[in-house]
Amino acid sequence: MLKDKDPRTIQTETESYSIQTIEELSKTIDSLNSTGRIKGVGFDVFGTLISSLYSRSEQTDFLSKHVSEFLLKELGEKISVDESLKVYSDTRELIKSGHIEINNIPVKHQECPEGEILRHIAKKYSFKEPEKFNQYVNEKWLKFDLQNARPVTGMTEIVSKSIQIFVTEHVGLFSNNSCNKDHILTLLNNNGY
């Protein structure tokens, strides 16, 4: 015996398209919108709107270097960049293995937020003003990102067109990057979005 479908369930159909150029994407959005087959559009921030010129390991190296600098500056405690990288990496693994949840999602199923790593490092070293540490590292990180991020060619036009068609409320951004919302918005604004 089959149960009735739950009336609260939204029934959707999926269609796939092979898009090769920005022009094709623009035409496809126009076509789908004109026939009512699309109600909005979402963009992944990194790799779709913005390209980073460095890898995840280069980011970790960069952030751990500034952990080392802060320890020397604030506590007079000198640790090498290699030691700092170990502290940073060990803390990251500790958080991931501890199954900490962020927004009800276990960290092991998502990127481990850098802010969480920095918070644990601040606790480990008993910083009197942990928010000062977080701000110090994040300011360096944003500056580094701004120097090493580039807009993906043609996507500013697609985002503008999408906003014109669907209005802002129906245009979304997605990212599994571990930087905070203000960081992402600054990167987008500085890259023409």
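Residues that are modelled with pLDDT under 80 and on the phi > 0 side of the Ramachandran plot: does segment 87-101 have at least one? The answer is yes; a qualifying residue exists. Figure legend. Inter-residue proximity from segment 140-165: first residues closer than 15 Å to Glu58 by Cα and touching a residue at least 24 places away in the same chain (Cβ under 8 Å), second residues open to solvent by 50 Å² or more (accessible area, probe 1.4 Å) and not in a helix (DSSP H, G or I), beta-carbon distance below 9 Å, spacing 6+ or different chains. Indicated pairs: Asp145/Ser52; Asn148/Ser52; Asn148/Leu53; Ala149/Ser52; Ala149/Leu53.
Reported count of residues in segment 126-151, each being at pLDDT 85 or above, surrounded by 17 or more Cβ atoms within 10 Å (Cβ to Cβ) and more than 18 Å from Asp182 (Cβ to Cβ), is 1.
Residues in segment 22-40 that are under 22 Å from Thr153 (Cα atoms) and open to solvent by 60 Å² or more (accessible area, probe 1.4 Å): Glu23, Glu24, Lys27, Asp30. Which of the numbered conditions does Ile29 fail, given that it passes all the others? Conditions: (1) in contact (Cβ under 8 Å) with a residue 60 or more places away in the chain; (2) outside any helix (DSSP H, G or I); (3) not aromatic (Phe, Trp, Tyr). Single failed check for Ile29: (2). Every listed requirement among (1) touching a Pro at 6+ places or on another chain (Cβ under 6 Å); (2) modelled with pLDDT under 85; (3) open to solvent by less than 70 Å² (accessible area, probe 1.4 Å) is met by Ala122 save one, (2).
Summed over segment 152-186, the residues that are within 17 Å of Asn33 (Cα to Cα), hydroxyl-bearing (Ser, Thr, Tyr) and open to solvent by 40 Å² or more (accessible area, probe 1.4 Å) give a count of 2.
Could you check segment 63-87 and list, in sequence order, the residues that are among the polar types (S, T, N, Q) and either assigned to a helix (DSSP H, G or I) or open to solvent by 70 Å² or more (accessible area, probe 1.4 Å) (or both)?
Within segment 63-87, the subset among the polar types (S, T, N, Q) is 64, 68, 80, 84.
Hits for segment 63-87 are Ser64, Ser68, Ser84.
The values are calculated or read from the model by the stated rules, or taken from the named source; none is laboratory data. Owing to the predicted nature of the structure, the values given are computational and were not obtained by experimental measurement. Methodologically, a virtual Cβ is constructed for each residue, glycine included, from the backbone with ideal geometry; neighbour enumeration extends over all protein chains shown. The area values use the complete protein model at the heavy-atom level, side chains included, leaving out ligands, DNA and RNA. Shrake-Rupley method; radii C 1.70, N 1.55, O 1.52, S 1.80 Å.
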